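Following: one structure in structure tokens, then a few remarks.
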Amino acid sequence: YIILGTILFITNSCKKDPELQLPTITTASVTNISYTTAISGGNITSDGGSPVTASGVCWNYYENPTISNNRTTDGTKIGNFTSNISGLSINNIYYLRAYATNSVGTTYGNTITFSTKNNTLPELTTTISNITSTSVTVNSVITEEGNFPITERGICFSLHENTTLDDIFIVYEGIETTNYITDITTLNPKNYYYVRTYVINYLGGIYYGNEIMFRTLDYSIIFNPDLTYETVTDIDNNIYKTITIGNQVWMAENLKVTHYRDGSPIQKNIYDKTGSYYNYNNNEYWTSSNGRLYNWYAVTNTKNIAPVGWHIPTDNEWTILVNYLNGEFVAGGKLKETGTLHWLSPNTEANNQSGFSALPSGFVNYDEYSNMGKYSYFWSVDESSATNAWSRYLFYGYAKSYRASNNKDFGFSVRCIKD
């Protein structure tokens, strides 16, 4: 007999393909942040069942950046990747996140915020020396080069304030040192000039140092040759010519002392109520002819700023002087040095008949220096209010002597009168 057997078998059930999904990704921290670049990246932990076709990071100024904004492209592999980011702006806040794309679409990692570095700007100083009728020596110092390489440096000068590269400029050869000295030898006699240092960095930024005003030609004071002058010496051994005008004896030069009569120093550039002196434009050059500027608190300090046997004039003593010179409408002309060596033209009716030889030394108001060549300002010791005191001033355009009430913090010239 043949027995036909029956074979029993069971087929395997069909395994269904999993549903495709978006990749999963995290954003790497941002490192190596500079002024315009940074480094980030991401970690693709799953491709979602479909090959990754693009990955990288994207960024913007606003939250939730997408691939329609700035982005990098860093390959298609699962795992960690690194992105080099460039083209950023200095001192800006950015939002960044990693992305990965497959056939399903694009997914993003967590958002990270970072800031690019702030730019440190160049800082420059300008000083001058050796002024002649046609030349000056300029010393330019770069005290801070900033964050970007300097590609050009030099000086510029002109006959007006705020001189720029639109005026005359001289480029220094080489950029290896931060200290440059040069002689300008193309100046004209008896002219006011403005000069300052400049640099240009590789971003094209132009930066200027402090500006200095100076005037060519020797600054010796022009005294009245028909009058007889004596002298007085202060505690710093500065010697001043003096002149007798009526029954008064005045200094014929502006005070330049830096110590009180007891030898203690007068503070410099200090804006408080103890007294201070200033060099015009913070430049010692002006002191040899024009003296120094002092606030009212210095001239009234009980330590005494005047030489022994002398004092700062009262408002009434100024009035006596002006009246002796035939009144305020003509006294200015008789007090001013003649010519336009120091005074700007026209220096109206200046004849220096008194021998006082007033110079247009300007004034200072909290680091703002002005009116050199135009005005003479002189303190008296008398107050006009709690904040102001009486002064006298002369002007290049008129023969008048003016009486005015000015803030005690201002820095004016000082003339002393004999006790």
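The values are calculated or read from the model by the stated rules, or taken from the named source; none is laboratory data. Since we're looking at a predicted model, the values are computed, not measured. Cβ: placed from backbone, ideal geometry, glycine included. Neighbour counts: every protein chain shown. Note: areas computed on protein heavy atoms with side chains; ligands, DNA, RNA excluded. Shrake-Rupley method; radii C 1.70, N 1.55, O 1.52, S 1.80 Å.
Determine, yes or no, whether N347 is touching a residue at least 40 places away in the same chain (Cβ under 8 Å) and closer than 21 Å to N406 by Cβ.
no
Go through (1) more than 18 Å from G105 (Cβ to Cβ); (2) within 49 Å of the chain's Cα centre (by Cα) one by one and return the number of the condition K77 breaks.
Looking at each condition in turn, K77 falls short on (2).
If E368 passes every condition in (1) of a type in the set (D, E); (2) more than 17 Å from A298 (Cβ to Cβ); (3) crowded, with 16+ Cβ neighbours inside 10 Å but one, which one does it miss?
Evaluating E368 over (1) of a type in the set (D, E); (2) more than 17 Å from A298 (Cβ to Cβ); (3) crowded, with 16+ Cβ neighbours inside 10 Å leaves (3) as the failure.
Can you tell me which residues in the stretch 146-189 are open to solvent by 70 Å² or more (accessible area, probe 1.4 Å), among the hydrophobic types (A, V, I, L, M, F, W, C) and assigned to a loop (DSSP other than H, G, I, E, B)?
Within the stretch 146-189, L159, I175 meet the criteria.
Yes or no, residue by residue, for (1) more than 36 Å from the chain's Cα centre (by Cα); (2) under 17 Å from F378 (Cα atoms); (3) surrounded by 17 or more Cβ atoms within 10 Å (Cβ to Cβ); (4) without any contact (Cβ under 8 Å) to a residue 40 or more places away in the chain:
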site	(1), (2), (3), (4)
Y208	no, no, yes, no
D226	yes, no, no, yes
N238	no, no, yes, yes
H259	no, no, no, yes
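Report, by residue number, each residue of the stretch 246-285 that is within 20 Å of H342 (Cβ to Cβ), of a type outside the set (S, T, Y) and assigned to a strand (DSSP E or B).
W250, M251
Would you say T274 is open to solvent by less than 30 Å² (accessible area, probe 1.4 Å) and of a type in the set (S, T, Y)?
Judged against the criteria, T274 is not a match.
Output the qualifying pairs, or none if there are none: Cβ atoms under 6 angstrom, residues six or more apart or on different chains, first residue in the stretch 398-419 and under 22 Å from W250 (Cα atoms) and touching a residue at least 24 places away in the same chain (Cβ under 8 Å), second residue open to solvent by 40 Å² or more (accessible area, probe 1.4 Å) and hydroxyl-bearing (S, T, Y).
Y402/Y393
Return the total of residues in the stretch 133-145 being under 19 Å from Y202 (Cβ atoms) and either without any contact (Cβ under 8 Å) to a residue 24 or more places away in the chain or open to solvent by less than 20 Å² (accessible area, probe 1.4 Å) (or both).
1
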